[in-house]
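Notes for the one structure printed next.
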Amino acid sequence: MSVSQTALLVIDMQNDYCHPDGVFAQAGLRVRHLDELVGQVNTLAAAAHSAGRPVIWVRMEWDGDADVGLLADRSPFLRTQGLRRGTWGSELLAGLDRAPGDHEVIKTRFDAFHRTGLRNLLHDLDVGTLVVAGVRTDFCVESTVRQAFFHDLRVIVAREAVAGYVDDLHLGSLRLMGTVFAEVDSISDAAAALAATVPAASP
């Protein structure tokens with residue numbers, strides 16, 4: 001019987017979400033200390049790559065204006081721009097350490113499991129634990145972490161490798177996720193979880 005493994009899930013580290021020229025920053029929603037965040041994500045990616053763990057990059061992307069849904073009313077700046085397929089804004093940030101064998105999941109809502117192939121991918125990869133990084137802590141990260149818990153997946157949120165736009169919402173989300181949905185751990189502990197040797201399966 002196989003032993004489930006740990007994978008790194010990086011959420012929405014895209015230009016529109018994070019870059020100073022992205023649509024969110026232009027709307028006043030900025031990721032502070034972006035270089036540090038990219039460095040922390042790369043620390044996790046390096047640990048995963050070195051140990052042969054799966055790395056999954058999640059991007060939010062829409063084909064057209066109609067796909068934005070109710071979010072267009074809640075965030076009007078997204079009605080006609082931002083996170084559109086084939087644009088610079090939907091691409092992952094430059095400087096992220098991706099590897100040819102990494103996986104990608106495209107989503108249209110905050111939750112990375114919603115109408116995507118993520119659950120099947122994790123099943124095929126025999127993943128039982130997710131180390132989660134990315135943005136926005138209190139929206140897309142938390143939505144995905146909650147859903148992972150509902151799928152009986154163990155989740156580790158790397159505290160220094162997630163970020164939001166509003167400090168109290170970011171901190172509140174970490175506190176909430178840590179109650180039952182996930183373990184909120186330091187970057188070193190999260191990297192260690194990725195680097196840990198998988199015990200051999202019993203014959």
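The values are calculated or read from the model by the stated rules, or taken from the named source; none is laboratory data. No experiment lies behind these values; they were computed from the predicted model shown. Methodologically, a virtual Cβ is constructed for each residue, glycine included, from the backbone with ideal geometry; neighbour enumeration extends over all protein chains shown. Side chains are part of the model used for accessible areas, which takes the heavy atoms of the whole protein and leaves out ligands, DNA and RNA. Shrake-Rupley method; radii C 1.70, N 1.55, O 1.52, S 1.80 Å.
In segment 59-69, what count of residues is obtained for those that are in contact (Cβ under 8 Å) with a residue 12 or more places away in the chain, outside any strand (DSSP E or B) and open to solvent by less than 50 Å² (accessible area, probe 1.4 Å)?
The total comes to 3.
Out of all the residues in segment 106-126, which are within 19 Å of Tyr17 (Cβ to Cβ) and open to solvent by less than 10 Å² (accessible area, probe 1.4 Å)? Walk me through it before giving the result.
We begin by selecting, within segment 106-126, every residue within 19 Å of Tyr17 (Cβ to Cβ); these are 106-114, 116, 118.
Of everything in segment 106-126, those that are within 19 Å of Tyr17 (Cβ to Cβ) and open to solvent by less than 10 Å² (accessible area, probe 1.4 Å) turn out to be Lys107, Ala112, Leu118.
Any residue that is of a type in the set (Gly, Ala, Ser) and touching a helix residue (DSSP H, G or I) at 6+ places or on another chain (Cβ under 8 Å) - is there at least one of those in segment 108-121?
Restricting attention to segment 108-121, the residues satisfying the condition of being of a type in the set (Gly, Ala, Ser) are 112, 117.
Filter again for touching a helix residue (DSSP H, G or I) at 6+ places or on another chain (Cβ under 8 Å), leaving 112.
Yes: one or more hits.
State all residues of segment 4-28 that are touching a Ser or Thr at 6+ places or on another chain (Cβ under 9 Å) and surrounded by fewer than 20 Cβ atoms within 10 Å (Cβ to Cβ); if no residue qualifies, say none.
Once the filter is applied, which keeps residues that are touching a Ser or Thr at 6+ places or on another chain (Cβ under 9 Å) and surrounded by fewer than 20 Cβ atoms within 10 Å (Cβ to Cβ), segment 4-28 yields Ser4, Gln5, Ala27.
Quick check on this structure: which one of Ala45, Ala72 is more than 23 Å from Leu130 (Cα to Cα), small (Gly, Ala, Ser), assigned to a helix (DSSP H, G or I) and without any contact (Cβ under 8 Å) to a residue 60 or more places away in the chain?
Ala72
Tally up the residues in segment 89-105 that are of a type in the set (Gly, Ala, Ser) and closer than 22 Å to Gly52 by Cα, please.
Just the residues of segment 89-105 that are of a type in the set (Gly, Ala, Ser), to begin with: 89-90, 94-95, 99, 101.
Within this subset, residues satisfying the condition of being closer than 22 Å to Gly52 by Cα are 95, 99, 101.
Of the residues in that region, 3 qualify.
Name the single residue that is modelled with the lowest pLDDT among those in segment 166-199 being closer than 15 Å to Ala51 by Cβ and not small (Gly, Ala, Ser).
Pro199
Mind checking which residues of segment 48-58 are open to solvent by 20 Å² or more (accessible area, probe 1.4 Å) and part of a helix (DSSP H, G or I)?
His49, Ser50, Ala51
I'd like to verify a number: residues in segment 114-127 that are touching a His at 6+ places or on another chain (Cβ under 7 Å) and among the hydrophobic types (A, V, I, L, M, F, W, C), how many? Steps first, answer last, please.
Our first condition is that a residue be touching a His at 6+ places or on another chain (Cβ under 7 Å); within segment 114-127, this holds for 119, 121.
Right, trim to among the hydrophobic types (A, V, I, L, M, F, W, C) and you get 121.
Adding up the residues that qualify gives 1.
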